[in-house]
Amino acid sequence: MKTIKDWIPFFLKKVPQEITQTRWEHCLRVANHAEKLANIHKLENPKKAYLAGILHDITKQKKYDFHISLFETVGFPNWKEIPKEAYHAFTAPIFIQKEFGFSDEEVFSAMQCHTLGGKNLTLIQKILYASDFLGSEYAEKQDRFKEWKEKTEENLEFGVYLKASKTIANLMETESTIHPYTIETYNQTIPNLNFGKK
């Protein structure tokens with residue numbers, strides 16, 4: 001039976017065949033951030049966080065019909081309530097299991113939460129959610145990137161807050177709807193941060 005470490009070299013070859021080079025570079029950055037955060041914040045198996053980073057966007061650049069077909073094939077509940085931009089977070093685990101025979105509940109749950117967030121996120125879910133932002137081209141180009149990275153390493157809740165707040169701000173600016181999971185993710189981080197309060 002293959003271990004997580006066995007699967008990593010396999011997917012390092014497979015994932016680049018499904019996405020563009022730019023998207024693949026993003027996945028590598030996310031995976032590296034995720035493994036580092038997993039080690040710092042003591043995830044039991046940091047390689048799971050790395051693998052989740054490698055896999056999280058494997059279906060991001062697939063066409064609309066691809067996602068709908070997968071949802072309907074497995075009878076995925078309430079998929080019509082998911083924003084199109086987040087389809088890939090939910091179809092990626094389905095695709096990976098069907099196409100490659102890999103399945104891991106922790107890895108898949110982190111992948112499903114990396115775009116919208118969710119209620120009462122687990123440690124690995126928080127790690128991938130924060131890493132997805134830190135590994136973005138947008139974050140890396142910002143003057144405060146080093147500070148954001150250091151603060152997330154110090155307090156993972158900050159990284160979750162950072163992605164949720166930036167996502168909400170962007171959606172408001174573009175007059176887009178905000179999914180309840182994202183609002184919930186933001187709200188749940190605030191009590192765990194100080195922001196200069198005594």
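Structural remarks
- Close pairs (9 angstrom Cβ cut-off, 6 or more residues apart or separate chains): touching a residue at least 12 places away in the same chain (Cβ under 8 Å) in the range 82-93, open to solvent by less than 20 Å² (accessible area, probe 1.4 Å) and among the acidic types (Asp, Glu) anywhere: His88/Asp57; Ala89/Asp57; Ala92/Asp57
- Taken over the range 93-110, the criterion of being in a helix (DSSP H, G or I) and open to solvent by less than 10 Å² (accessible area, probe 1.4 Å) is satisfied by Pro93, Ile96, Val107, Ala110.
- Entry remark, the range 141-181: residues being more than 23 Å from Ala38 (Cβ to Cβ) and open to solvent by less than 40 Å² (accessible area, probe 1.4 Å) number 3 in total.
- Of all residues making up the range 159-182, the number that are in contact (Cβ under 8 Å) with a residue 12 or more places away in the chain, part of a helix (DSSP H, G or I) and out of contact with any helix residue (DSSP H, G or I) (no Cβ under 7 Å at 6 or more places or on another chain): 1
- Matching entry among Leu43, Leu128, Leu121, Leu70 (being part of a helix (DSSP H, G or I) and touching a residue at least 60 places away in the same chain (Cβ under 8 Å)): Leu128
- Here Lys62 qualifies as touching a residue at least 12 places away in the same chain (Cβ under 8 Å), open to solvent by 10 Å² or more (accessible area, probe 1.4 Å) and in contact with a Ser or Thr (Cβ under 8 Å, 6 or more places away or on another chain).
- Members of the range 73-85 found to be open to solvent by 30 Å² or more (accessible area, probe 1.4 Å) and not in a helix (DSSP H, G or I), listed by number: Gly75, Phe76, Pro77, Asn78, Pro83
- Condition check for His88: open to solvent by less than 20 Å² (accessible area, probe 1.4 Å) and farther than 28 Å from Leu156 by Cβ: no
- The condition (being closer than 30 Å to Lys2 by Cβ and either within 14 Å of the chain's Cα centre (by Cα) or basic (Lys, Arg) (or both)) is satisfied by just one residue among Thr115, Thr167, Thr182: Thr115.
- Here Tyr129, Tyr138 are screened, and the one residue that is among the hydroxyl-bearing types (Ser, Thr, Tyr) and open to solvent by less than 50 Å² (accessible area, probe 1.4 Å) is Tyr129.
The values are calculated or read from the model by the stated rules, or taken from the named source; none is laboratory data. Here the structure is a predicted model, which means the values were calculated and not measured. Glycine also receives a Cβ, built like all others from the backbone with ideal geometry; neighbour counts cover every protein chain displayed. Keep in mind that these areas ignore ligands, DNA and RNA; they rest on the heavy atoms of the full protein, side chains included. Shrake-Rupley method; radii C 1.70, N 1.55, O 1.52, S 1.80 Å.
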